[in-house]
Amino acid sequence: MGLISGIWLALLGVLGASNLIIAKKPDAKELIAKMAPYQGWIGAVSALWGVWGIISSVLNLGWLSVAPIYWATFLASAVLQFALGLLLGVGVLKTFIKNGDAQKKMDQTIEKLAPKQGVLGLVAIGVGIWMVISGFLFKLA
């Protein structure tokens, strides 16, 4: 966790909450439009990285007794990366997944997550900012 992970999560959150952001700040449309062509790949990489983060947080459950806020932030960022990455990168991920049952499962998951995309994006922005700030404030040796 740290600066790069926090910035990545915040950018992922901006893409996820782009409709809400543009509704409040119409001038942000240009900046978001510059990232939009890469949205699928950003999402696909984030989804895979999120799965790895979830696995890592479960494997490092011992951190919960030593650094509970760090562990909770680690898990939250991984879950947000997976969820938003899946929503944004579903098109790219489907090109690599050939199994029909897996694609159906993915579609079902997308149907459940899609209504929450804006909220997930805003939460990801908040957690990403927290990761950057905490990276400067706290050092875990």
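The values are calculated or read from the model by the stated rules, or taken from the named source; none is laboratory data. Since this is a predicted model, take the numbers as computed values, not measurements. Here the Cβ positions follow ideal geometry from the backbone for every residue, glycine too, while neighbour counts run over all protein chains shown. The accessibility values were calculated without ligands, DNA or RNA, using every heavy atom of the protein model including side chains. Shrake-Rupley method; radii C 1.70, N 1.55, O 1.52, S 1.80 Å.
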| note | Counting only helices (runs of 4 or more DSSP H) wholly inside the stretch 1-99, the ones holding at least 2 residues that are open to solvent by 60 Å² or more (accessible area, probe 1.4 Å) and either closer than 17 Å to V127 by Cβ or in contact (Cβ under 8 Å) with a residue 40 or more places away in the chain (or both) are 3-16, 18-24, 39-59, 68-96
| said: Based on this model, can you work out whether K104 counts as assigned to a loop (DSSP other than H, G, I, E, B), over 16 Å from L3 (Cα atoms) and at pLDDT below 90? | reply: no
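Results for (1) modelled with pLDDT under 95; (2) in contact with a Phe, Trp or Tyr (Cβ under 9 Å, 6 or more places away or on another chain), shown as yes or no for each residue.
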{"position": "S18", "(1), (2)": "yes, no"}
{"position": "A23", "(1), (2)": "yes, no"}
{"position": "P26", "(1), (2)": "yes, no"}
{"position": "P37", "(1), (2)": "yes, no"}
{"position": "A44", "(1), (2)": "yes, yes"}
{"position": "I55", "(1), (2)": "no, no"}
{"position": "T73", "(1), (2)": "yes, yes"}
{"position": "L86", "(1), (2)": "yes, no"}
